[in-house]
Amino acid sequence: MNVYKFSVTVVNQFIAEQSDIATDSYVFAYTITIKNVGNVAAQLISRHWVIVDANGRSEEVQGLGVVGQQPLLKPGEAFEYSSGTRFHTPTGTMHGSYFCVAEDGARFEVPIDEFMLIADTPNARVLH
C-alpha cells in the first residue's frame, strides 16, 4: 500500500438554467470527493487546475485549499466539495492536481485525471 495516497472522484453536470447558449455561456458544476486511501494522515494545502475549452483556450487556476478549506484527512476519511466553471464553448476539459503535506512532513502531489464537461442540451452546438 502506498503510504501517501488520495483518490479523487469527480461528478459533473451541465447547468442549463444558468447558461445562455445564445451568448455562448455554458455553466458546469462539479462535485469532487477526495479520500485518503493511504495510511498516513495528510492535509490538502493547495490546488492547481488546467481548464481547456473546445477551441483549445486554456486557463490555469491555482490557490490555497478548496472552497476556502484545507482539509486534514486521516486514513479512510473523505472530503467532498462542489464548485463550478463557465465555458464559451459547449464542451471542455479539466485536469490538475492537489498539493498535500502528510503529518510526518512528507509532501506529495495528487493528480486529478482529465474529465470532460459537455453541455447536454439539444440547442447546444457541438464542435467537431
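One table, with the values for the structure above:
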quantity: Condition check for ALA102: among the small types (Gly, Ala, Ser), under 15 Å from TYR4 (Cβ atoms) and either free of Cβ contacts under 8 Å to residues at least 60 places away in the same chain or surrounded by 13 or more Cβ atoms within 10 Å (Cβ to Cβ) (or both); calculated: yes
quantity: Only one of GLY63, GLY96, GLY84 that is touching a residue at least 24 places away in the same chain (Cβ under 8 Å) and exposed (fewer than 15 other Cβ atoms within 10 Å of the Cβ); calculated: GLY84
quantity: Condition met for ALA54 (among the aliphatic types (A, V, I, L, M), surrounded by 15 or more Cβ atoms within 10 Å (Cβ to Cβ) and in contact (Cβ under 8 Å) with a residue 60 or more places away in the chain); calculated: yes
quantity: Selected residue [under 14 Å from the mean Cα position of the chain (by Cα), closer than 22 Å to LEU117 by Cβ and polar (S, T, N, Q)] from SER7, SER58; calculated: SER7
quantity: Residues located in segment 105-121, provided they are in contact (Cβ under 8 Å) with a residue 12 or more places away in the chain and either surrounded by fewer than 14 Cβ atoms within 10 Å (Cβ to Cβ) or under 30 Å from ASN39 (Cβ atoms) (or both); calculated: ALA106, PHE108, GLU109, VAL110, PRO111, ILE112, ASP113, GLU114, PHE115, MET116, ASP120, THR121
quantity: Selection status of PHE87, among the aromatic types (Phe, Trp, Tyr) and more than 16 Å from ASP24 (Cα to Cα); calculated: no
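Every number in this text was worked out from the coordinates using simple rules, so none of it is lab data. Values in this document were obtained by computation on a predicted structure and should not be read as measured data. Every residue, glycine as well, gets a Cβ built from its backbone with ideal geometry; the counts of neighbours run over all protein chains shown.
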